[in-house]
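One structure, pasted below without further comment.
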There are 6 protein chains.
Amino acid sequence: MSETVRADGRAVDALRPVTIERGWSAQAEGSALVSFGGTKVLCTASFTNGVPRWLTGKGKGWVTAEYAMLPRATNSRNDRESVKGRIGGRTHEISRLIGRALRAVVDTKALGENTIVIDCDVLQADGGTRTAAITGAYVALADAIAWGREKKFISQKATVLFDSVSAVSVGIIDGEPMLDLAYVEDVRAETDMNIVVTGRGLFVEVQGTAEGAPFDKRELDALLELGVNGCAQLRDIQQGVLEEEK
Amino acid sequence: MSETVRADGRAVDALRPVTIERGWSAQAEGSALVSFGGTKVLCTASFTNGVPRWLTGKGKGWVTAEYAMLPRATNSRNDRESVKGRIGGRTHEISRLIGRALRAVVDTKALGENTIVIDCDVLQADGGTRTAAITGAYVALADAIAWGREKKFISQKATVLFDSVSAVSVGIIDGEPMLDLAYVEDVRAETDMNIVVTGRGLFVEVQGTAEGAPFDKRELDALLELGVNGCAQLRDIQQGVLEEEK
Amino acid sequence: MSETVRADGRAVDALRPVTIERGWSAQAEGSALVSFGGTKVLCTASFTNGVPRWLTGKGKGWVTAEYAMLPRATNSRNDRESVKGRIGGRTHEISRLIGRALRAVVDTKALGENTIVIDCDVLQADGGTRTAAITGAYVALADAIAWGREKKFISQKATVLFDSVSAVSVGIIDGEPMLDLAYVEDVRAETDMNIVVTGRGLFVEVQGTAEGAPFDKRELDALLELGVNGCAQLRDIQQGVLEEEK
Amino acid sequence: MSETVRADGRAVDALRPVTIERGWSAQAEGSALVSFGGTKVLCTASFTNGVPRWLTGKGKGWVTAEYAMLPRATNSRNDRESVKGRIGGRTHEISRLIGRALRAVVDTKALGENTIVIDCDVLQADGGTRTAAITGAYVALADAIAWGREKKFISQKATVLFDSVSAVSVGIIDGEPMLDLAYVEDVRAETDMNIVVTGRGLFVEVQGTAEGAPFDKRELDALLELGVNGCAQLRDIQQGVLEEEK
Amino acid sequence: MSETVRADGRAVDALRPVTIERGWSAQAEGSALVSFGGTKVLCTASFTNGVPRWLTGKGKGWVTAEYAMLPRATNSRNDRESVKGRIGGRTHEISRLIGRALRAVVDTKALGENTIVIDCDVLQADGGTRTAAITGAYVALADAIAWGREKKFISQKATVLFDSVSAVSVGIIDGEPMLDLAYVEDVRAETDMNIVVTGRGLFVEVQGTAEGAPFDKRELDALLELGVNGCAQLRDIQQGVLEEEK
Amino acid sequence: MSETVRADGRAVDALRPVTIERGWSAQAEGSALVSFGGTKVLCTASFTNGVPRWLTGKGKGWVTAEYAMLPRATNSRNDRESVKGRIGGRTHEISRLIGRALRAVVDTKALGENTIVIDCDVLQADGGTRTAAITGAYVALADAIAWGREKKFISQKATVLFDSVSAVSVGIIDGEPMLDLAYVEDVRAETDMNIVVTGRGLFVEVQGTAEGAPFDKRELDALLELGVNGCAQLRDIQQGVLEEEK
């Protein structure tokens, strides 16, 4: 690893300070306020007994996610999507990513005919909002499943979550691969990648984009390694938070 | 005053615990996370030099507000207005109320050709979200004006805010007038009233609605008195928070 | 009362000429074309046997209202909300107000599982459109209920309307409280209030807004008194119209 | 002509009673409340000095029209297009037809850089709403042009309207061609045709549709003859109304 | 007929080269890629067993159509209607026309409770897109009906199509009636007419519009004759294509 | 490589038959109808001199893309996004991907203040529509740039395209990595990856998703190798097509 020091003093392979405030919401069945440095995302999991009509009678549950940003989460204000009357492509894309990431570790048969909707609302944005959202959403999801089990909507013996999942961004800046980009880094990155990894270290999603110059296999490998290591740290933080008494 | 004790142990003329976390956002020019008991609203004020085209060249500024609720702020999940593609009547109504309340204490000439947009996003809802929003929004607004003055967008001598403003709900439950209704009280109220009062004790808005039986002049007077007293307490809390070093 | 004479020669406590043309529509189950001076609102009541799905099987009926303005009801043309693809906040707000006002005098159990939708379309606007709408809507509603009773959708003995309801605007202009503001008065008012009162003289809605300077309790009381008196006159006009053979 | 007598006692080649209440609106520059039997359409013409940006500087004016129906104009209530958030195909189609019909008799050069928007709102519908709308719109348009001339927005000498225009429906019922169909006739017609004709008797639009069986040339000719005669009567009514002192 | 020769060398009463590529789509139950000169429309017919809820149990089928244009079908690019979030009036109007034209030759009782949706997507536009769409849609419809018969959704003996249907545009240019206008001709036409005719030579739709000067009966007759002859040629082409082995 | 043979007889590392019909459209400045087996996408490039307002005066051009699918491109019909009034997440996501892919090989300074919009409309879908779209879009883009150069909107010497770009899908089915998945393969794939590669063999996008089981580094490497080889073949096809006389 390089000894480059970043604007905020981090090493290239260091995460920003990560905190997960479990059970932030008094209303939702599961919730977490997750911070990756200045990025703060409120994740709530809403548990409903029953499934959408198109899934009824198949003995399977459904997990889905919606992502959004408060208008002044960012440095300048963005118009609300509700006011514009339509959801932007970026919002759609990230909502779908979060949903896929969570479903990758859920056994929907074990979940039974129950629905869990995860809302990830960015209260403050400083890069990596989608990866923070996935990491926090997993904690909210785990608590919503525990709630469903306690309420007997889910069988006591069923293993609904067969693995955990977390996500982190990586990128190449001035030719150097770096972990967990803050906003000022993100806008300068030549290549930007989001990696979603299970607790066991397997890939769920790999989304790399050349923002500046295209990248080669060697660079791709370096980014993947950084990302896998970052996700392993996030998994340990998730685990620690979930082991605490709620 | 009656000696009725409420579900949460309050006297009929007592506010819930009120906190205002000033400067919650690192991004906005002014911000406050306000709590009225279990109701939590994030208020951010976005300052822009310049005004909308229809106001250009009139030497006056513009203050407006938008209110919204996170989908799982409430006990069961509501679909997002961005997903539905339209803003509901209740959201519109409250956004307009907050804007009018704030403009009632702003000298738009003194503000100069600057625009301040206040976003009030309900993170958790337990009754009184609109009154908490107005109360917190005033603090965010005051800080945004201070920011504009510091950045020389507003004249040093101009008195932009000629008064403060806060709001509280009152209602009649089982024939008894009560201050600052929590959600469980709100749904049972025969009459529900929102009162917006300036720091000097004058009315900006009085919105009373008979949800059950119509009400008479004596009941109206009792509610107004409770509300004016509640707003006086809120004014003191606002003042205390604004006097602290930021 | 002051002896101020207004632009149109009225005393400060006088209504404009009010007419209610009952049964204007040959299509609707109840209808009224109401005029408050130059303000003309066509109110139609559509009776449907049955209720929306969410109310089915509860033995209760449903009354709701929609308000809208023709594009050239006003002095300059406004774009149609259908063309803009969304309903504005003001329209939403007034529709909700009319619905609440009417429901305040309806016994929905006595109505049975029937739905009445009241449409209030402003054909010409000269101030006070929402108060004229409520006043005319009551007449249309009464006729729609009579129609439902005649068609045996409503029990002969049930008292569906246990009171009548009307509404009027009041305001303070140049420090003087006045009744039933025309448009030219409305735009100059420091305080503007809409009052909805039952035939028995009880309040259903009190909505006062400081457009200019905030107002005190003494002014509020003066406005309420004017409004209650105005609504008593409107009640008598409604009664007169409803007693005529249709 | 056949001696068939229709449900309302008319001869097959007779119009329903037609009235045009000129100057109905106190707000619009031109207006007419037109009735074709039970069909009542309020037509208002809004005159604006200036043209849309895409026409600026070409020395030509613009005339356009919008058609809509109140929700309870018909026998059962239709949802508002503003509530549905989109305009239906039928509404679009009729708005475009009215605009084309009016522009066919307007010299846009003589109009100068002025815009006239005609709103045709159906207050009550009993067949032939689009043809009544065109017939009334012409009167509103003529008055708006007179207004513009009086205000000196239009040159005194310019002949803006070089002809008049009116419209009527015709159709074949039980094999018999008939003029000006009422709603009960319209739904039974095998062929339905709307004809727009100038004061001089030339065609502006011919829109014939086989609702039941396709039609042949002989039937087409019979319908055209009926329609041309009906439009001549409408032209005389328009002329009579426009010759009165306003 | 005049001996005028047109820009593309055609006689005034000649169609452009017409081709119908039957079965273009490997996915749809019926399809045709139709060309009228440079105008190319892909028509697909989607067969579904069953009817919309409002038609259930009436023993009748349903045929409907949707028309659209690719953004760069035309000489300059048009924004997508999906991006604009609303369908334009022209699109609505043409979709409705195509649906009516097809239904005019379908016996919906014989079709049984089946639904056929015809999509007509203009890949390249050079005038006459709606008439080409109708002409191609008939071929797609015929094949979808054959498919439904083969799959036993339609009775073997039922005659669903009791006639064929095609359409063509005609217009008057420099005083001369002409058949099947190309785009450069269409924009210059004083009168523009679309004619929909059955295989037996009866009219389904006649839609004539004076774009420039109004037209008289003699001109109308000349246009109708040209159109009927054009449609007879199109019918022969349709028949030829449908007689080929698929 | 395995000797598994696929449903269509291909080897696991073989592309489907690929054709690129260059200049398909007579209207667009550049166009290509691309087929990957049964997948057919019409790509048109629209060249406009000038840039969107937010880019004006920066001496740079703009390239963007829109992707859509005809309603019956697929095996069963999908409702039109224009009819639904909103664009789905999948459409948004793919449009953005195509735009990024193309911009990765464009020197926007060399393009100058010109805009190119690429429309990719799927006429028939059988898996890999987004990768076919990118591959065809590059050809359309190249021709639009040549057109702009010929028309002198682009400097003769400027190298606008500094590389080519193509894309292909890869996936793991029954544990076996395969190239260019057809629809029946795509729905069965455990892991699905889209790879966008430049003519020089560098990565522009890597988007891998575990649809079933998560994947490991070894599998990822196998997929990347397959994809890079597939893109090299596509690059040769693009080059061959572009070298032909147009």
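Using alpha-carbon pairs under 8 Å, 6+ residues apart, how would you state the relative contact order of segment C:18-244 in percent?
Values: 503 pairs, mean separation 47.5, N = 227.
RCO, segment C:18-244: 21 percent.
Counting partner chain Cβ atoms within 10 Å of every residue's Cβ in A:9-18, what's the average?
Working: counts 0, 0, 0, 0, 0, 0, 0, 0, 0, 0.
Mean shielding by partner chains, rounded to a whole number: 0.
How far is helix C:129-150 tilted, in degrees, relative to the longest principal axis of the Cα atoms in chain C, given as a value from 0 to 90 rounded to the nearest 10?
Tilt relative to chain C: about 20 degrees.
Set Lys and Arg Cβ to +1 and Asp and Glu Cβ to -1, take the dipole of chain D about its Cα centre, and tell me which of D:Met193, D:Val241, D:Gly85 lies farthest positive.
Farthest towards the positive end: D:Gly85.
Gaussian network model of chain F, Cα springs within a sub-10 Å range: biggest mean-square fluctuation belongs to which of F:Ser155, F:Ser82, F:Ser166?
F:Ser82
Quote the charge dipole size of chain E about the Cα centre in Debye, to the nearest 20; the model charges only the Cβ of Lys and Arg (+1) and of Asp and Glu (-1).
Result for chain E is approximately 1260 debye, rounded to the nearest 20.
Excluding same-chain residues fewer than 8 positions from A:Lys109, which aspartates and glutamates have a Cα within less than 17 Å of its Cα?
A:Asp163, F:Glu211
Tell me, what is a quarter of the convex hull surface for the C-alpha atoms of the protein assembly as shown, in nm² with one decimal?
Details: hull surface 237.9 nm².
Answer in nm², one decimal: 59.5.
Can I ask one more? Taking 2.2 N^0.38 Å as the expected size of a compact globular protein, what ratio does the Cα radius of gyration of segment B:119-246 give against it, to two decimals? Before the final figure, lay out the partial values.
Details: Rg = 16.6 Å, N = 128, 2.2 N^0.38 = 13.9 Å.
That works out to 1.20 for segment B:119-246.
Next question, about the same structure. For chain F, find the longest principal axis of its Cα atoms and tell me its angle to the long axis of helix F:89-103, 0 to 90°, nearest 10.
60 degrees
Put simply, what bits of segment D:212-230 lose 50 Å² or more of accessible area when the other protein chains are there, versus the chain on its own (1.4 Å probe)?
The answer is D:Pro214, D:Phe215, D:Lys217 - residues whose exposure falls by at least 50 Å² when every protein chain is included.
At q = 0.11, 0.21 Å⁻¹, what log₁₀ I(q)/I(0) does segment F:68-156 have when each alpha carbon counts as one equal point scatterer in the Debye sum?
Debye output, listed in q order: -0.39, -1.02.
Is the C-alpha gyration tensor of segment C:22-99 telling us rounded, prolate or oblate? Criteria: a/c under 1.5 is rounded; beyond that, a/b larger than b/c is prolate, otherwise oblate.
Details: a/c = 2.45, a/b = 1.45, b/c = 1.69.
Here segment C:22-99 falls in the oblate category.
Now a separate question. Taking the full set of protein chains and a 1.4 angstrom probe, give the accessible area of B:Tyr67 in square angstrom, rounded to the nearest 10.
Probe radius 1.4 Å; accessible area of B:Tyr67 about 0 Å².
Next up: Within 10 Å of each Cβ of F:22-30, how many other protein chain Cβ atoms are there on average? Numbers along the way, then the final one.
Numbers: counts 0, 0, 3, 6, 5, 12, 8, 2, 0.
Mean partner shielding for this stretch: 4.
Among DSSP bridges having both ends in the protein assembly as shown, what percentage is antiparallel? Round to the nearest 5. If you can, show how the numbers build up before the last one.
Values: 279 of 327 bridges.
The antiparallel fraction comes to roughly 85 percent.
With just the Cα atoms of segment E:107-177, tell me how far they stretch along each of the three principal axes, in Å, largest first.
53, 25, 15
For segment E:18-244, what is the percent of antiparallel DSSP beta bridges, rounded to the nearest 5?
Working: 42 of 50 bridges.
Antiparallel: roughly 85 percent of the beta bridges in segment E:18-244.
At a 1.4 Å probe, what is the % contribution of carbon and sulfur to the accessible area of the protein assembly as shown? Write down the numbers at each step before the final one.
Values: 27700 of 57450 Å².
Carbon and sulfur together cover 48 percent of it.
Between D and E, buried accessible area summed over both sides at probe 1.4 Å, in Å² to the nearest 100?
2400 Å²
Report, to one decimal in Å, the Kirkwood hydrodynamic radius for segment C:2-131 based on all distinct Cα pairs.
Details: mean 1/r = 0.0603 Å⁻¹.
It works out to 16.6 Å.
Next question. As a check on your reading of the symmetry: which chain C residue has its Cβ nearest the axis that brings C onto F, and how far is it in Å?
C:Gly85, 4
Could you order F:Met178, E:Met69 by accessible surface area, starting with the largest, using a probe radius of 1.4 Å?
E:Met69, F:Met178
At a Cα cut-off below 17 Å, give the aspartates and glutamates reachable from D:Lys58, other chains included and same-chain residues fewer than 8 away excluded.
Correct list for D:Lys58: D:Asp107, D:Glu113.
Something else: As a test of understanding, state the convex hull volume per residue of chain B from its alpha carbons, in Å³.
Output value, Cα hull per residue: 137 Å³.
Oh, and also: Hey, what's the protein assembly as shown come to in accessible area per residue, 1.4 Å probe, Å²? Write out the running numbers ahead of the final one.
Values: 57450 Å² over 1476 residues.
Each residue of the protein assembly as shown exposes 39 Å² on average to a 1.4 Å probe.
Straight-line reach from A:Lys84: which lysines have a Cα under 20 Å away, not including same-chain ones fewer than 8 places off?
Here the lysines satisfying the reach criterion relative to A:Lys84 are B:Lys84, C:Lys84, D:Lys84, E:Lys84, F:Lys84.
While we're here: Using a 10 angstrom cutoff on alpha carbons, build the Gaussian network for chain A and name the most mobile of A:Asp79, A:Asp121, A:Asp13.
Ranking A:Asp79, A:Asp121, A:Asp13 by mean-square fluctuation puts A:Asp79 first.
The values are calculated or read from the model by the stated rules, or taken from the named source; none is laboratory data. Remember, it's a predicted structure, so these values are computed and weren't measured experimentally. When we count neighbours, we look across all protein chains shown, and the Cβ atoms used for this are built from the backbone with ideal geometry, even at glycine. What goes into the accessible areas is simple: the full protein's heavy atoms, side chains included, and nothing from ligands, DNA or RNA. Shrake-Rupley method; radii C 1.70, N 1.55, O 1.52, S 1.80 Å.
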